[in-house]
Structures are given as structure tokens and as C-alpha cells.
Amino acid sequence: MGINVIGITHPAQVGALPGGTNVLVLADDGTYADEFLDTDFRAHQFVVRAHGRGSAFFGVADKARELGADRIFFGGAHDTAAVLTAGEDPVLVLGVRPPGGPIACNAAFVEWLDRWPRPARAYREDVDHWLAENALREGLRVELVSWRMEPTVPMRRKLTA
């Protein structure tokens, strides 16, 4: 087991950690930095400044590359993503729940990030599309995974006529 970098945008996103050496990276505008650093999550902890989803992802990915991470889990660590990112070949795993689901990738995929120019739209909410477009253009493996979501409407809603 190698180094897993788990990117979050709020301390409440820390869940069960995968096996190996885990590094939590909080990517936010500084709002939750003190709370995050004051909590013992039983992992190495870093904070990067970010404004928006894409900015947060790139901050986490850049820190992961700096640390020599084997895998990145952004927006939640999931068993499925851990299995899909375990290989040596570049792979991108995208969650398919709006607005933007979890993102996971391995070190081989992170190496490709430096090759692609990062337009302004990628730093905002469109990072998922930007990652997928570049990966598919290069012939890299992209996995779409549907993780369980919390329902936004109660299932037992009574319908009246």
C-alpha cells in the first residue's frame, strides 16, 4: 500500500480511510482550516488555498504530486475508486452525480495533468468535463461510477390529486 491523498473541501467529508499511508488535504478559502488542523483524523494533514471545485482539485493534485502519492481521492474516498485506481496504467474515475461527484485517479494519471494547459473554466466547476475531455483525447482510461447518494426528496412523499 502506498500514499493516498484524500482531498476534501470541508472537515465533515472525512470518512473511513483506505489502507496505506493517508494524507488529508483540505482545499478551501481558509474558512475551515483551524477546525481541520485542530482535529486528529489519524492521518497526515495539509491545507491548500482554493476557491471553487476545480481550484480545489488542482490544489490537491499538485500536493499529491509533490508528496509522490500513488492515488488521489477527491470529494470522498470510496472502495470502488480504490480498486479502480490500483493499477499502473493511467486511470481517471469520475462520480456521476451532479453537481460534480467524487474524482479519483492514480499517479500515472497525475503525470498527464502537467501536459495539459489549464484553462480558467477548469478552475471553476467544470473540472470534471475538462479532465474527461483531456483523458479521452489521449486515449486514457476513464471510469464513470455511480456512488450512492442521499435522497433529496423523501421516498415516502404522499401524492395528492
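Tabulated results
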item: Chain lengthening between ARG115 and THR80 when straightened (0.36 nm per residue, less Cα-Cα); result: 9.9 nm
item: Among (i) 137, 15, 8; (ii) 43, 16, 11; (iii) 24, 21, 17, the entry that matches semi-axes √(5λ) of the Cα gyration tensor in Å as calculated here; result: (iii)
item: Neighbourhood net charge (14 Å Cβ-Cβ; Lys/Arg +1, Asp/Glu -1) for GLU88; result: -1
item: Average accessible area per residue (Å²) across the range 1-50 - probe 1.4 Å, nucleic acids and ligands excluded; result: 53 Å²
item: Cα gyration tensor, the range 63-118 - rounded (a/c under 1.5), prolate or oblate; result: oblate
item: The chain - percent of accessible surface contributed by carbon and sulfur, probe 1.4 Å; result: 52 percent
item: Cut-off 14 Å between beta-carbons: net charge of the residues surrounding TYR123, Lys and Arg +1, Asp and Glu -1; result: 0
item: Dipole in debye (nearest 20) - the range 1-68, about Cα centre, beta carbon charges: Lys, Arg +1; Asp, Glu -1; result: 300 debye
item: Highest to lowest packing among 15-27, 111-123, 41-53, 61-73, scored as the average C-beta count within 10 Å; result: 61-73, 15-27, 41-53, 111-123
item: Inter-probe distance in nm under a simple model that places probes 7 Å from Cα toward Cβ, at ARG137 and THR21; result: 3.4 nm
item: Average Cα contact separation per residue, the chain, under 8 Å, 6 or more apart, as relative contact order %; result: 21 percent
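The values are calculated or read from the model by the stated rules, or taken from the named source; none is laboratory data. Computed from a prediction, not measured in an experiment: that's the story for all the values here. Please note: Cβ atoms are built from the backbone with ideal geometry, for glycine as well, and neighbour counts cover all protein chains shown. For accessibility, only protein heavy atoms count, side chains too; no ligands or nucleic acids. Shrake-Rupley method; radii C 1.70, N 1.55, O 1.52, S 1.80 Å.
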